[in-house]
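In what follows, a single structure is set out as C-alpha cells and then discussed.
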Amino acid sequence: MPATPATPAELYIEPARVFDNLYFVGDRATSAWALTTSAGIILLDAGFHHNVEGTIVGGLRKLALDPATIRYVIVSHGHNDHFGGARYLQQSFGARIIMSEADWAHMVSWPQRGSPAPYPERDVVAHDGDVITLGEASVRLVVTPGHTPGTISPVFSVRDGARTHRVGYWGGDGASHLPPAEVTTYMQSAARFMDIEPQIDVELSNHAVADGTLLK
C-alpha cells in the first residue's frame with residue numbers, strides 16, 4: 001500500500017534567519033534560501049509550484065522581508081521541486097530566473113514529480129564561472145553536472161556579525177536515478193566542487209535532509 005503523502009503541516013519548518021544576510025524559507029521536502037542585499041533578494045531555488053506562495057513568499061513575509069524585492073531566482077536544476085515556483089515568482093514580482101543552458105532544456109524533457117508545474121519563461125542562461133552581482137553580494141555559479149545535465153552549485157559569502165563565511169551550495173542531491181556513466185559524472189563534479197574554493201566553510205543544499213538543516 002503506497003504511503004500517504006505528507007501534509008503541509010507535516011512538512012512545515014519555521015522560516016529562520018541563519019546568517020545576517022541568509023534566510024531559510026523552505027520545508028522538509030525542499031529547501032529555499034534568501035540571500036539579502038542592499039539592492040534586493042537573490043533566492044536560491046523556488047520549491048514546488050503548490051507551496052511557493054505559502055512556504056517561500058509567506059516565509060519571507062513572516063521574516064519581514066518583501067518578496068517584491070526578489071531580483072534573481074537561481075534554480076539549481078530542472079526538477080519541479082526546485083523550479084516549480086519560478087513562474088509564479090517571475091510573473092508576480094518580475095524576478096529573473098537563472099538556469100544553465102542544459103537544464104533549461106532538461107526541465108521540459110524530464111518527467112515531473114507529483115502534480116506538474118508550469119514552466120517559467122526562458123530567461124537568464126548561466127555558464128560555469130558566471131558571477132551574479134546584486135548590491136554588495138556576488139554569487140559564483142559553478143556548473144556541476146550529474147544529478148541533472150546542468151546542475152548549478154552556487155558559491156557566495158554570508159555574514160555573522162564581524163565574521164564572514166563562504167557558502168558552498170550543492171545544487172543536486174542524489175544519484176540513485178542515474179545510469180553508471182552519469183554516476184561517474186556526478187562523482188567528478190562532487191570532487192571538483194570540493195576543491196573549487198578552499199575557504200568554503202558552510203555546506204548547504206536544497207534538501208534539509210541532505211545538509212542537516214534541522215540538526216544545525
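The values are calculated or read from the model by the stated rules, or taken from the named source; none is laboratory data. All of these numbers come straight from a predicted model, not from anything done at the bench. No Cβ is skipped: glycine too gets one built from the backbone with ideal geometry, and neighbour counts run over all protein chains shown. Each accessible area value is taken on the protein alone, full model and side chains, heavy atoms only, with ligands, DNA and RNA left out. Shrake-Rupley method; radii C 1.70, N 1.55, O 1.52, S 1.80 Å.
To keep it simple, each residue is scored yes or no on (1) touching a Ser or Thr at 6+ places or on another chain (Cβ under 8 Å); (2) of a type in the set (D, E, K, R).
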{"position": "Ala16", "(1), (2)": "no, no"}
{"position": "Arg28", "(1), (2)": "no, yes"}
{"position": "Gly40", "(1), (2)": "yes, no"}
{"position": "Gly47", "(1), (2)": "yes, no"}
{"position": "Leu60", "(1), (2)": "no, no"}
{"position": "Leu65", "(1), (2)": "yes, no"}
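Could you tell me whether region 133-146 includes any residue that is of a type in the set (D, E, K, R), modelled with pLDDT of 95 or more and surrounded by fewer than 22 Cβ atoms within 10 Å (Cβ to Cβ)? Before you say what the answer is, go through the steps one by one.
To start, the set of residues in region 133-146 that are of a type in the set (D, E, K, R) comprises 136, 140.
The next check asks that each one be modelled with pLDDT of 95 or more; those that pass are 136, 140.
Going one step further and asking which of them are surrounded by fewer than 22 Cβ atoms within 10 Å (Cβ to Cβ), we end up with 136, 140.
So far as region 133-146 goes, yes, one or more of its residues are of a type in the set (D, E, K, R), modelled with pLDDT of 95 or more and surrounded by fewer than 22 Cβ atoms within 10 Å (Cβ to Cβ).
Tallying residues that are open to solvent by less than 60 Å² (accessible area, probe 1.4 Å) and among the charged types (D, E, K, R) within region 111-121 yields 0.
Here Ile98 passes the criteria (1) open to solvent by 80 Å² or more (accessible area, probe 1.4 Å); (2) touching a residue at least 24 places away in the same chain (Cβ under 8 Å) except the one numbered (1).
In summary, Phe83 fulfils each of the numbered conditions (1) in contact with a helix residue (DSSP H, G or I) (Cβ under 7 Å, 6 or more places away or on another chain); (2) modelled with pLDDT of 95 or more; (3) over 26 Å from Val158 (Cα atoms); (4) not polar (S, T, N, Q) with the single exception of condition (3). Collect the residues in region 28-56 that are under 22 Å from Met99 (Cβ atoms) and in a loop (DSSP other than H, G, I, E, B), keeping them in residue-number order. Across region 28-56, the qualifying residues are Ala29, Thr30, Ser31, Ala32, Ala39, Asp45, Ala46, Gly47, Phe48, His49, His50, Asn51.
The number of residues in region 165-194 that are without any contact (Cβ under 8 Å) to a residue 24 or more places away in the chain, open to solvent by less than 90 Å² (accessible area, probe 1.4 Å) and not in a helix (DSSP H, G or I) comes to 2.
Looking at Ser153, Ser92 in this structure, which one is in contact with a helix residue (DSSP H, G or I) (Cβ under 8 Å, 6 or more places away or on another chain), assigned to a helix (DSSP H, G or I) and surrounded by 13 or more Cβ atoms within 10 Å (Cβ to Cβ)? Result of the check over Ser153, Ser92: Ser92.
If you scan region 112-164, which residues turn out to be in contact (Cβ under 8 Å) with a residue 12 or more places away in the chain and of a type in the set (Lys, Arg)?
Step one: list which residues in region 112-164 are in contact (Cβ under 8 Å) with a residue 12 or more places away in the chain, which gives 112-129, 132, 134-161.
Matches in region 112-164: Arg113, Arg122, Arg140, Arg159.
Filtering region 68-78 to residues that are touching a strand residue (DSSP E or B) at 6+ places or on another chain (Cβ under 8 Å), not charged (D, E, K, R) and not in a loop (DSSP other than H, G, I, E, B) leaves Thr69, Ile70, Tyr72, Val73, Ile74. When Arg17, Arg61, Arg28 are screened for being farther than 16 Å from Leu204 by Cα and open to solvent by 10 Å² or more (accessible area, probe 1.4 Å), only Arg61 passes. In the set Glu203, Glu197, only one residue is surrounded by 13 or more Cβ atoms within 10 Å (Cβ to Cβ) and in a strand (DSSP E or B); that residue is Glu203. The single condition among (1) open to solvent by 40 Å² or more (accessible area, probe 1.4 Å); (2) touching a residue at least 40 places away in the same chain (Cβ under 8 Å); (3) of a type in the set (Val, Ile, Thr) that Val108 does not meet is (2).
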